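One structure is given here, and the rest of the page talks about it.
The values are calculated or read from the model by the stated rules, or taken from the named source; none is laboratory data. Since we're looking at a predicted model, the values are computed, not measured. Quick reminder, even Gly has a Cβ in these numbers, built from the backbone with ideal geometry, and neighbours come from all protein chains shown.
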Amino acid sequence: MYVATLPFFPLVKQVYDIQKVKPTEQIMMQLYPEIYSCIGCNACSKACPQSLKTMQYIAYAQRGEYEKCAEESFDCVMCGICSSRCPAGISHPQVAILARRLYGKYIAPETKHLLDRVAEINNGEHAESVNAIMNTPVEEQKRLYNTREIEK
Ligand code: SF4
Ligand code: SF4
């Protein structure tokens, strides 16, 4: 018997421009049509080390329910173990990341404080602080990051 690590499981990874694709049901049919061959065996969910309901998030993707797919797959670490078990050859983590991108770009409501902060950055209001961080040694940057104030 040989025991070896599998560095990654080969997945179907489609290339698309998120500025051009839209959150329609057709986009999954176009990019990941194999999801419609799911036979409901649930081997993907049983294999997931994150205990995700993988079969369920694929069902949401089939129906174009991207918000639910994004929510259900949020803790996916893209290990690909589910795909290694799937008789339908589905690349679950790639389907899920497309759903999360569609949700983030087109469906999730915009956050006013984030829009304000991006506008401030574009106006150069934080240039001095950004330059100060850029000129700080890496070790000091790590210390600042690890001791940062985290919003409760
Ligand atoms: S790729 Fe994501 S959904 Fe699949 S087994 Fe890994 S963590 Fe679970
Ligand atoms: S392993 Fe593949 S065929 Fe089986 S339920 Fe999961 S996605 Fe469907």
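Selection over the range 48-64 of residues that are away from ligand 1 (no atom under 16 Å from the Cβ) and under 23 Å from Val15 (Cβ atoms) gives a count of 1. All conditions but one from (1) of a type in the set (Val, Ile, Thr); (2) more than 13 Å from ligand 2 (Cβ to nearest atom); (3) in the same structural domain as Pro33 (by TED's automatic domain parsing) apply to Ile58; the one that does not is (2). For the range 109-131, does any single residue satisfy the condition of being buried (at least 16 other Cβ atoms within 10 Å of the Cβ), part of a helix (DSSP H, G or I) and of a type in the set (A, V, I, L, M, F, W, C)? No, every residue in the range 109-131 fails to be buried (at least 16 other Cβ atoms within 10 Å of the Cβ), part of a helix (DSSP H, G or I) and of a type in the set (A, V, I, L, M, F, W, C).
Results for (1) of a type outside the set (Phe, Trp, Tyr); (2) more than 18 Å from Met78 (Cβ to Cβ); (3) touching a residue at least 40 places away in the same chain (Cβ under 8 Å), shown as yes or no for each residue.
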position	(1), (2), (3)
Met1	yes, yes, no
Lys13	yes, no, yes
Ile18	yes, no, yes
Val21	yes, yes, yes
Thr24	yes, yes, yes
Tyr32	no, no, yes
Ile35	yes, no, yes
Gly40	yes, yes, no
Pro49	yes, no, no
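Cβ-Cβ contacts under 6 Å between residues 6 or more apart (or on different chains), taken from a first residue in the range 75-86 that is under 19 Å from Ala99 (Cα atoms) and touching a residue at least 12 places away in the same chain (Cβ under 8 Å) to a second residue that is among the polar types (S, T, N, Q) and near ligand 1 (Cβ under 6 Å from one of its atoms), are listed as Asp75/Gln50; Cys82/Thr54. The set of residues in the range 59-108 that are of a type outside the set (D, E, K, R) and out of contact with any helix residue (DSSP H, G or I) (no Cβ under 9 Å at 6 or more places or on another chain) contains only Ile97. When you scan the range 76-85, do you find a residue that is buried (at least 22 other Cβ atoms within 10 Å of the Cβ) and not aliphatic (A, V, I, L, M), even just one? Scanning the range 76-85, I find at least one residue that is buried (at least 22 other Cβ atoms within 10 Å of the Cβ) and not aliphatic (A, V, I, L, M), so the answer is yes. Of the helices (runs of 4 or more DSSP H) lying entirely inside the range 1-96, those carrying at least 1 residues that are basic (Lys, Arg) and within 18 Å of the chain's Cα centre (by Cα) are 66-72. Would you pick out the residues in the range 27-55 that are away from ligand 2 (no atom under 12 Å from the Cβ) and not hydroxyl-bearing (Ser, Thr, Tyr)? Once the filter is applied, which keeps residues that are away from ligand 2 (no atom under 12 Å from the Cβ) and not hydroxyl-bearing (Ser, Thr, Tyr), the range 27-55 yields Ile27, Met28, Met29, Gln30, Leu31, Pro33, Pro49, Gln50.
Can Ser45 be described as among the small types (Gly, Ala, Ser), in contact (Cβ under 8 Å) with a residue 24 or more places away in the chain and either away from ligand 1 (no atom under 13 Å from the Cβ) or exposed (fewer than 15 other Cβ atoms within 10 Å of the Cβ) (or both)?
no
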